[in-house]
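The values are calculated or read from the model by the stated rules, or taken from the named source; none is laboratory data. As the structure is a prediction and not an experimental result, all values here were calculated from the model. Cβ placement follows ideal geometry from the backbone for every residue including glycine, while neighbour counts extend to all protein chains displayed.
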Amino acid sequence: MPLVAHTPLPSLERLSQQHGQEVLSLEQALKQDIRELHVGFLNMMPDAAFKVTELQFLRLVGSSSKIVQFYIHPCTVPNPSRSPEIQAYIKEHYTTFDELKEEGLDALIVTGTNPVSPNLDQEPFWEELQNIIAWSRENVTSTLASCLSTHAIAKSLSRIERKPLNKKRWGVYSHRVTQTEHPLLSDINTRFDVPHSRNNDVSRAQLEVAGYKTLVYSEEGGVHLAVSPDQFRLVFLQGHPEYDRISLLKEYKREILRFIAGDREDYPPYPENYFGRKARKIVDYYQELVFAALEQENSVPEFPEKELEPWLDNTWRDTGRAFFNNWLGLVYQLTDVDRKIPFPPEIDPNDPLGLNAKED
């Protein structure tokens, strides 16, 4: 499923030039007799992760099988605290939600963000997200929510309250498929890894009591993938299949720098199940160097990022690609040819995959 560069979005050029991914020019796309899908991308990430998250999700979309052309429509929610650089980037490359409502969408991806309030309904994005989700529930074939947006939507639609964890769930965890016959999991390994990074959790029990179905679960990591009672129109992710191999390394480095600067009291533990034996030796020695430097009031050595990178593994990307391929393939099969209409008349919007009828 090639991406179409219908706008000069920098991530599209990077995917083509630096990652070797197929991206069609608008001129090429218009010459081909291939159906197009229009995917909204609601990016709520903070400035430091705004562009990289955009690139990560677009890479997953563009890695799907080549049976359709993808037009990506990025938008965001108002955030006056954004830097001038990101504000300019949004103005140049992003569209507004009102424009997307007018034009219609086949699918929608909603990213997470860093929480700024203990209560989700006090977050700056809350009201705008409610409007977007209310519209998408009526007008979009399927909406995929990531991490914090999963928690916010579950609270908004089903009064599910996230619970604070005793410690941050941070690392790479083994998961198992719990519903092997679900089309979203077709030809996917029954056991695979997924990165997690969050301080709060929505549990399997909370979701299932509210009628949601858990599709992928981990004893250590909790729920990774769940779907709404209709089994498709709302897809929840708590894990991060979009992460790069070094994403958790970047987070670990950031937390160490916060400790050095005095912004956190404890030296951060490293992400679970992420560093192998060689990498652990490197980070353990660096911790000794940090404490020695601070004790002697000397400058702290640079974090050994380049030394660590060769010892890191990505054990989740192939499964993430397979899942996105299944999700977008189902959108392709089910959505109406008119992007303003979520389903053709013969599809039941309350059971688009026909799974609930089989259970009955």
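Side notes on the structure shown:
- The residues of the range 257-268 that are in a helix (DSSP H, G or I) and either under 29 Å from residue 193 (Cβ atoms) or in contact (Cβ under 8 Å) with a residue 60 or more places away in the chain (or both), listed by number, are 257, 258, 259.
- Residue within the range 163-176 that is in contact (Cβ under 8 Å) with a residue 12 or more places away in the chain and more than 19 Å from residue 219 (Cα to Cα) present: no
- When residues in the range 88-113 are screened for being closer than 22 Å to residue 52 by Cβ and surrounded by 14 or more Cβ atoms within 10 Å (Cβ to Cβ), 12 of them pass.
- Flag for residue 152 being in a helix (DSSP H, G or I) and out of contact with any Lys or Arg (no Cβ under 6 Å at 6 or more places or on another chain): yes
- Residue within the range 123-136 that is within 30 Å of residue 332 (Cα to Cα), in a helix (DSSP H, G or I) and of a type in the set (Ser, Thr, Tyr) present: yes
- With respect to (1) on the phi > 0 side of the Ramachandran plot; (2) in contact with a Ser or Thr (Cβ under 9 Å, 6 or more places away or on another chain), the lone exception for residue 142 is condition (1).
- Qualifying residue in the range 169-178 (condition: part of a strand (DSSP E or B), out of contact with any Asp or Glu (no Cβ under 8 Å at 6 or more places or on another chain) and within 24 Å of residue 326 (Cβ to Cβ)): yes
- Hey, residue 116 at pLDDT 95 or above and closer than 23 Å to residue 242 by Cβ or not: no
- Helices (runs of 4 or more DSSP H) fully within the range 269-336 counting 2 or more residues that are under 20 Å from the mean Cα position of the chain (by Cα), among the charged types (D, E, K, R) and surrounded by 14 or more Cβ atoms within 10 Å (Cβ to Cβ): 317-334
- Scan of the range 307-360 for residues that are in contact with a Phe, Trp or Tyr (Cβ under 8 Å, 6 or more places away or on another chain) and aromatic (Phe, Trp, Tyr), ordered by number: 311, 316
- Close pairs from the range 212-230: first among the charged types (D, E, K, R), partner assigned to a strand (DSSP E or B), Cβ under 6 Å, at least 6 apart: 213/227; 220/173
- Among the candidates 69, 56, the residue that is of a type in the set (S, T, N, Q), modelled with pLDDT of 95 or more, surrounded by 19 or more Cβ atoms within 10 Å (Cβ to Cβ) and in contact with an Asp or Glu (Cβ under 6 Å, 6 or more places away or on another chain) is uniquely 56.
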